[in-house]
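The values are calculated or read from the model by the stated rules, or taken from the named source; none is laboratory data. All values reported here derive from a predicted model rather than from experimental measurement. Virtual Cβ from ideal backbone geometry, glycine too; neighbours counted across all protein chains shown.
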Amino acid sequence: MKICFITSECVPFVKTGGLADVSGSLPVALSGSGAEVKVFLPLYDTIDIKIYGIEYAGLPPFSINIGGETKEFELFSRRLNGVEYNFIDCPHYFGRGKVYTSDADENERFILFQHAVLKVLQYQKWQPDIFHCNDWQASYIPALLKLQYSWDKLFEKSKTVLSIHNIGYQGIFEPDTVTKAGFGESSFVLGGPFEFNGNANMLKTGIYYADAVSTVSPTYAEEITTPEFGAGLDGVLKARKGNIKGILNGIDVAEWNPAADELIPFNYNPDDVSGKMKNKAELLKAAGFAGGGDVPLYGIVSRLAWQKGIELVLEFFEKNIEKNLRLVVLGSGEEKYETQLKKLASEHPEKIKVFLEYNNKLAHLITAGADFFLMPSRYEPCGLNQMYSLNYGTVPVVRKVGGLADTVTDISDKENGNGINFAGFVYDEFEEAVLRSLELFKDKAFMSSVMKRGMERDFSWKKSGGEYIRLYEEILKS
């Protein structure tokens with residue numbers, strides 16, 4: 001099976017969020033299953049081609065017409081872990097010092113990118129069985145194949161999958177986006193696949209034309225067909241409900257493995273978790289907390305954003321600061337959350353420590369050293385940190401949404417519980433969940449069994465990659 005994987009970011013080359021992690025891991029898993037995989041992404045000037053061994057592919061320059069103007073690009077490439085990575089080099093669009101911009105031509109940047117992928121494949125005469133498109137930056141591809149490139153027999157048997165990683169980002173631009181992409185003016189009609197509240201919406205177009213739509217967790221696949229979580233596209237998604245598949249993201253179990261993690265002081269495994277208490281001691285020391293490990297320690301590693309429910313955490317610790325517990329927060333984001341967290345930490349330095357930074361080593365130490373991990377998200381398409389914490393025997397306390405609902409089973413299920421969850425985004429429910437975690441901490445035997453269940457769960461990409469292969473096979477047969 002030949003798979004063309006199209007993404008706007010991919011580790012190790014460039015990352016702003018979870019899409020990069022998926023793009024870095026899933027193609028490798030697919031290749032390991034026997035597929036031939038080509039990944040396409042832009043060559044941003046933030047990518048150091050020398051460090052990553054990215055080289056000019058030796059093909060002649062290509063040109064594409066966008067809105068009456070000709071733009072040129074070249075192809076660079078790198079083979080790594082059995083996958084061929086292809087980089088679209090157009091300094092005019094991708095030489096801006098950052099991945100995403102608020103520039104007036106942000107739509108043109110990814111129009112060029114998507115046309116460029118198809119132009120390169122035509123030159124190479126490489127025929128994908130599957131185009132796996134990710135988020136709005138690649139979601140015109142299904143429409144381009146059906147409406148502009150349908151004449152080319154190279155693509156006549158190809159099928160398309162569009163993965164939605166976060167429906168809050170849709171690629172909404174001025175109506176002339178449609179004609180700039182090469183679609184006729186008649187394509188932009190009220191209520192049609194290209195129009196959304198008077199503007200162009202790239203993600204809506206992709207949902208309409210893709211052969212299948214996938215999301216990053218089964219629960220999120222259901223949620224986005226509802227007004228609460230659909231971000232205005234619930235009607236379009238409901239119409240395609242039979243073609244939507246939720247597949248839980250995997251995690252990199254080579255990097256996030258407490259038995260082999262080189263970023264934590266003490267390794268441990270489900271059969272011997274003594275190293276975890278030693279890591280807790282190191283985390284307490286790093287946070288400047290006095291005392292031993294007999295006090296429950298909560299961890300947060302997160303973007304400090306509206307989505308993440310930080311205000312629930314702030315309210316809880318303001319109201320319960322007299323209780324015997326501690327909190328370590330690592331992250332950065334919206335100024336109001338940073339300011340409020342710093343204020344709370346300055347008022348209670350013996351109980352709360354906040355690191356407003358990106359620090360991968362500290363992220364691993366928090367994951368390994370905390371007793372509980374807090375994720376009270378308003379919405380969470382998949383989430384990775386709760387899976388990391390489960391792997392490390394750190395009990396997650398989460399809202400029951402999206403991928404959090406699919407990975408965390410409440411301890412009220414005595415046989416299968418691996419964490420604590422709550423349903424509504426309301427303070428009282430979050431408070432009850434945290435108070436239940438304090439009771440769990442006192443019950444050492446039960447706490448130990450809950451930790452062990454989390455550590456034994458398989459969150460590898462091998463499992464998730466297999467589900468994608470089955471999805472590809474289904475749409476190729478249909």
- Return the pairs, sorted by first residue and then second, in which the second residue is among the charged types (D, E, K, R) and modelled with pLDDT of 95 or more, the first residue lies in the range 175-203 and is assigned to a loop (DSSP other than H, G, I, E, B), the beta carbons are less than 6 Å apart, and the residues are 6+ apart or on different chains. F188/E195
- Task: Filter the range 294-303 down to the residues that are closer than 19 Å to R326 by Cα and in contact with a Gly (Cβ under 9 Å, 6 or more places away or on another chain), then identify the one that is surrounded by the fewest Cβ atoms within 10 Å (Cβ to Cβ).
- Result: L297
- The lone condition N81 fails out of (1) under 20 Å from L30 (Cα atoms); (2) modelled with pLDDT of 95 or more; (3) among the polar types (S, T, N, Q) is (2)
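Are there strands (runs of 3 or more DSSP E) fully within the range 59-139 with at least 2 residues that are more than 21 Å from S23 (Cα to Cα), acidic (D, E) and more than 25 Å from the chain's Cα centre (by Cα)? List them. It would help to see each step written out before you state the result.
On the way: elements: 62-66, 69-80, 83-89, 130-134.
Per the criteria, 69-80.
For (1) at pLDDT 95 or above; (2) within 30 Å of L362 (Cβ to Cβ); (3) in a strand (DSSP E or B), each residue gets a yes or a no:
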{"residue": "T205", "(1), (2), (3)": "yes, no, no"}
{"residue": "Y208", "(1), (2), (3)": "yes, no, no"}
{"residue": "V213", "(1), (2), (3)": "yes, no, yes"}
{"residue": "K245", "(1), (2), (3)": "yes, no, yes"}
{"residue": "A254", "(1), (2), (3)": "no, yes, no"}
{"residue": "A259", "(1), (2), (3)": "yes, yes, no"}
{"residue": "I264", "(1), (2), (3)": "yes, yes, no"}
{"residue": "K280", "(1), (2), (3)": "yes, yes, no"}
- Message: Any residue that is in contact with a Ser or Thr (Cβ under 9 Å, 6 or more places away or on another chain), surrounded by 16 or more Cβ atoms within 10 Å (Cβ to Cβ) and closer than 22 Å to F459 by Cβ - is there at least one of those in the range 59-80?
- Response: no
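Condition first: part of a strand (DSSP E or B), crowded, with 19+ Cβ neighbours inside 10 Å and among the basic types (K, R). Can you find one or more residues in the range 153-169 that meet it?
From the range 153-169, those part of a strand (DSSP E or B) are 159-164; that's our starting set.
Narrowing the set further to residues that are crowded, with 19+ Cβ neighbours inside 10 Å leaves 159-164.
Now restrict to residues that are among the basic types (K, R): 159.
Yes: one or more hits.
Would you pick out the residues in the range 220-263 that are of a type outside the set (D, E, K, R) and without any contact (Cβ under 8 Å) to a residue 24 or more places away in the chain?
Within the range 220-263, T225, T226, P227, G235, A239, G242, A254, A259, A260 qualify.
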- Message: I want to confirm something. Restricting to the range 304-337 and keeping residues that are under 15 Å from T367 (Cα atoms) and out of contact with any helix residue (DSSP H, G or I) (no Cβ under 7 Å at 6 or more places or on another chain), which single residue is modelled with the lowest pLDDT?
- Response: G331
- Quickly run through the range 205-246 and pick out the residues that are of a type in the set (F, W, Y), surrounded by fewer than 23 Cβ atoms within 10 Å (Cβ to Cβ) and within 26 Å of K463 (Cβ to Cβ). F229
- Note on the structure: Within the range 128-183, residues more than 25 Å from Q307 (Cβ to Cβ) and aromatic (F, W, Y) come out as F131, Y140, Y149, W151, F155, F183
- Message: Among the numbered criteria (1) part of a helix (DSSP H, G or I); (2) more than 26 Å from V117 (Cα to Cα), which one does F229 miss?
- Response: (1)
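Mind listing just one residue for me: the one in the range 337-380 that is of a type in the set (K, R) and either assigned to a loop (DSSP other than H, G, I, E, B) or closer than 19 Å to F430 by Cα (or both) and, of those, farthest from the chain's Cα centre (by Cα)?
Here is the first cut: in the range 337-380, the ones of a type in the set (K, R) are 342-343, 351, 353, 361, 378.
Remaining after also requiring either assigned to a loop (DSSP other than H, G, I, E, B) or closer than 19 Å to F430 by Cα (or both): 351, 378.
Working: K351: 31, R378: 16 Å.
My answer is K351.
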- Task: Looking only at the range 170-178, decide whether some residue is crowded, with 16+ Cβ neighbours inside 10 Å, at pLDDT 95 or above and under 21 Å from A212 (Cβ atoms).
- Result: yes
- Query: Of the conditions (1) surrounded by 20 or more Cβ atoms within 10 Å (Cβ to Cβ); (2) modelled with pLDDT of 95 or more, K361 fails just one. Which one is it?
  - Reply: (1)
- Filtering the range 398-413 for residues that are in contact with a Pro (Cβ under 7 Å, 6 or more places away or on another chain), in contact (Cβ under 8 Å) with a residue 60 or more places away in the chain and crowded, with 24+ Cβ neighbours inside 10 Å leaves a count of 3
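What number of residues in the range 381-418 are at positive phi and either assigned to a helix (DSSP H, G or I) or modelled with pLDDT of 95 or more (or both)? So that I can check it myself, show each step before the final result.
First, pick out the residues of the range 381-418 that are at positive phi: 383, 393, 402.
Next cut, either assigned to a helix (DSSP H, G or I) or modelled with pLDDT of 95 or more (or both) only: 393, 402.
Residues in the range 381-418 being at positive phi and either assigned to a helix (DSSP H, G or I) or modelled with pLDDT of 95 or more (or both): 2 in total.
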- Message: If I go through the range 445-459 residue by residue, how many of them are modelled with pLDDT under 95 and surrounded by 18 or more Cβ atoms within 10 Å (Cβ to Cβ)?
- Response: 1
- Message: When you scan the range 47-58, do you find a residue that is basic (K, R), in a loop (DSSP other than H, G, I, E, B) and in the same structural domain as G182 (by TED's automatic domain parsing), even just one?
- Response: yes
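Restricting the search to the range 143-152, which residues are among the small types (G, A, S) and either free of Cβ contacts under 8 Å to residues at least 24 places away in the same chain or part of a strand (DSSP E or B) (or both)? Break it down into steps so the answer makes sense when it comes.
Step one: filter the range 143-152 for residues among the small types (G, A, S), giving 143, 150.
Matches in the range 143-152: S150 only.
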- F430 passes all but one of the listed conditions (1) surrounded by fewer than 21 Cβ atoms within 10 Å (Cβ to Cβ); (2) assigned to a helix (DSSP H, G or I); the exception is number (1)
